[in-house]
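Undergrad: Here's a structure for you.
Each reported figure results from applying straightforward, stated rules to the coordinates on display, with no laboratory input. All figures in this text were calculated on a predicted structure; none of them were measured in a lab. As a convention, Cβ positions derive from the backbone with ideal geometry for all residues, glycine included, and neighbour counts pool all protein chains shown.
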């Protein structure tokens, strides 16, 4: 029976096409594949389900074994966040024209290119750097790419990164950098959670390609020393890569405003569902400097004129610098990344505007501070663990209880507790990282306090 | 010109140009009064010097106008849902079934946090595990990771695994070269380069693929492995591939198969039987997940059992009836992306493979090759079209042919014809990756989703443009005419004094750069 996805599987049309080709059978078209390499069995796959209704029932049957965080009361963050997703964002990123497009360029995909350029345009305003690329896979890979660019630009082979780094970020750096770059971790201040500036000063030398700093860091602390870190890096001829969560940038200083050479972060909070981590998308920004642009081959689109006066056209900015042209001769890897999320983030930034983004950031800081203080009042909890200012995440420590056991008890009561840090950061003891965003009401936070009090009692 | 297509041409202003001060499109939920009363100053603890001095210059626009803006941009985009998109060779543009789009938007996928306890994500872990089993069956290899978020990330991942393998044997320093071929995808070289390798490039012999002797000359005790596509971007299959893998193994290297595009080969021949140790598939090409305008995507990397210890952490394991994430992988290369990757794409590809089953999957491959050969029969009629290699005449899923003769006759080359195809409601045709070893190249790839009528439409449009070019080359050179925009000034894309990556860059440049030329209308 012809399959609904394969129009030319009908026997009559196949015969007609073979006649025009001048072949007797499909097998005649495979004569270049040697017989001894041919796989003559049936692939060991489950029988097909060509009927859509039956297929849908089967797949949803499996998916229904999931319990979405969005249908519980969840305080998980650590690199992927439950924020409000405006309906407009969903509507735009489900458009088949965008979803099923790919590498069509200037003419076929004018609208897609304009939308991606607008992402660059708005993000450039937000981080105050002139060039923003089509975003990378996530914050970690964007940071890794920026650090690799610094190595290429300076010819130095050592980078300094905070010890207060999410485990995933550490492991991405280990893979992408460590084979030929020394990645040294700078400790954090046990009291504040901020980077230990004295340790940074001691580690900095003229062999350092780059210093990496982020706000908030792995403990949710907004490291307001970032401008000093940038200055210290520059004093040693090193470049500065600054990570910043865009939800804080309505009211916190932009990386470009204090001299960052690269800015990175994740735009997942800007209109993307979490999708088990599939919503991540790492922005990457830098100066409009041809050498820097050359070092970093992520796609950039440029606006230009057309034959029609007043009309905008768009195309790849300096395509020749990408791996598609350079191949193995000096280019970092590039290619397909997360364009659909860039289009979505552009819509999100347009929807919120300067006022909305400021209100969002304020609300995050107020709610998370409220939650951190309320949790800290519970007997058996020390919190917030660090005194540094926070954006939307904070650390608490249990005096006696193991985090995993508390999580189990909370989950049984419909709450997903914060991320357990006791494995990734053993020196912090029984600590966990909690995210509070605009999806959480006061009642949600109060309920958490009530339930946690009961669990720890 | 007889074509009736007309793309939407809204001449839509930039997002930063619409709206007016004070307008807004969305109000985030505010905190309750009690919270504000307890924390009146959100910024307390942030030094004044670290507070933003000026609000970001973002648009101020109400929701209706913003929505309309993006809908109009979507109308100016030729996705595969609206256009015959098979011009984009090597990209495997195919139908992405709508049922799968509905599935990934269920809260049971979109609402999952990646750090949820495994007990609460048994469904998504089961999908990841089942998809891995399917890919093992299709490739013959033993384990897959679904963490790489693109094809080139998967090639990079495989190069990292090759590196880890040689290090584990104490040969990491010595084996610092990866062999590839110029007709393989460019990421087969940039991926290993990013993993620290020097690239040794093989060039095609008279039949379009690298000769065994060229490989022998490239092999040495510095060889870490080979990363190669087959069929290459030309659609030509290297029949000596088994000899290639044997020789690389003999020299102590590993063999990595770039199967990003396996659309003509599924169920026909597998990585295992050809002697490969690693391979990768692009879920957003061969396995129907939509390309999403350039991602998010997924490149699944597969390995032989003895290389599984190097896979990025975590991997999904099935223990009894339960699925777990195994983080205990001391020899793992690390991670190539946060969490487990783009899980929603695994849902789509799993559902697609299951919809087809073993017979359907093979039928996909056979139909893709049938379609390519039928299109080749149509395009053979184009005056001045030539086949660069004797083997180009019977392509697999795609083919690279040359319009060199046509360009000599008319002055109209492959990129000009490509551009004009969009006047017929067809996605422009991919020419070639660089370098252009085949002059004036075209590389169409009509996957199984396209009907005979689609192929005829494309063939007729191509012939029509060719006839127009013969009659009046300038008329074609100035095209396209019926798209969202006219021919662009492309010189401004490559000139640092003129390129415009953002309004911010434009403002800075116009203020500071005395030597910058004003934007002007100068098509090239």
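Undergrad: In 10 Å bins starting at zero, report the fraction of Cα pairs in chain A per bin as a rounded %.
TA: 4, 18, 25, 22, 16, 9, 4, 1, 0
Undergrad: Right, here's the next one. Give me the angle, in degrees from 0 to 90, between the Cα long axis of helix A:139-154 and the longest principal axis of the Cα atoms of chain A, rounded to the nearest 10.
TA: 90
Undergrad: Ignoring everything except DSSP H segments at least 4 long, calculate the 222 nm mean residue ellipticity for chain B; use -39,500 (n - 2.57) per segment, divide by total residues, nearest 500.
TA: Counting only the DSSP helices, I get -10500 deg cm²/dmol.
Undergrad: When a/c is below 1.5 the answer is rounded, else prolate if a/b is larger than b/c, else oblate, so apply that to the range B:102-354 with a ≥ b ≥ c taken from the square roots of the Cα gyration tensor eigenvalues. If you can, show how the numbers build up before the last one.
TA: Numbers: a/c = 2.14, a/b = 1.57, b/c = 1.36.
Because a/c hits 1.5 or more and a/b exceeds b/c, the range B:102-354 counts as prolate.
Undergrad: Could you work out the relative contact order of the range A:87-348? I mean the mean sequence separation of Cα pairs under 8 Å and 6+ apart, divided by the number of residues, in percent.
TA: 27
Undergrad: Okay, helix-only estimate at 222 nm for chain A: each DSSP H run of n ≥ 4 adds -39500 (n - 2.57), divide by all residues, round to 500 deg cm²/dmol; what do you get?
TA: Theoretical 222 nm ellipticity from helices: -11500 deg cm²/dmol.
Undergrad: For the residue pair residue B:99 and residue B:508, what label-to-label distance in nm results when each label sits 7 Å from Cα along the Cα-to-beta-carbon direction?
TA: 5.1
Undergrad: If Rh is defined by the Kirkwood formula over all Cα pairs and Rg also comes from Cα, what ratio Rg/Rh do you get for the range B:146-236?
TA: Radius of gyration relative to Kirkwood radius: 0.98.
Undergrad: May I ask you to derive the relative contact order of chain B, considering only C-alpha pairs under 8 Å and at least 6 residues apart, and to give it as an integer percent?
TA: It comes to 19 percent, rounded to a whole number.
Undergrad: Express as a percent, rounded to the nearest 5, the fraction of DSSP beta bridges in the protein assembly as shown (both residues included) that run antiparallel.
TA: Percentage antiparallel, nearest 5: 55.
Undergrad: In percent, what relative contact order does chain A have, based on Cα pairs under 8 Å that are 6 or more apart in sequence?
TA: 19
Undergrad: Another question about this same structure. Pull out a ≥ b ≥ c, the square roots of the eigenvalues of the alpha-carbon gyration tensor of the range A:1-40, then state rounded if a/c is under 1.5, prolate if not and a/b is larger than b/c, and oblate in the remaining case.
TA: Here the range A:1-40 falls in the oblate category.
Undergrad: Kindly express, to the nearest 10 degrees and within the range 0 to 90, the angle between helix A:442-456's C-alpha long axis and the longest C-alpha principal axis of chain A.
TA: 70
Undergrad: Mind ordering A:224-236, A:191-203, B:358-370 by average Cβ neighbours within 10 Å, highest first?
TA: Numbers: A:224-236: 19.2, A:191-203: 17.3, B:358-370: 24.2.
Highest mean packing first, the order is B:358-370, A:224-236, A:191-203.
Undergrad: Rounding to the nearest 10 and keeping the result within 0 to 90°, find how far the Cα-based axis of helix A:52-63 lies from the longest principal axis of chain A.
TA: On a 0 to 90 degree scale, this one is about 20.
Undergrad: Determine the shape class of chain B: with a ≥ b ≥ c the square roots of the Cα gyration tensor eigenvalues, call it rounded for a/c under 1.5, and otherwise prolate if a/b is greater than b/c, oblate otherwise.
TA: oblate
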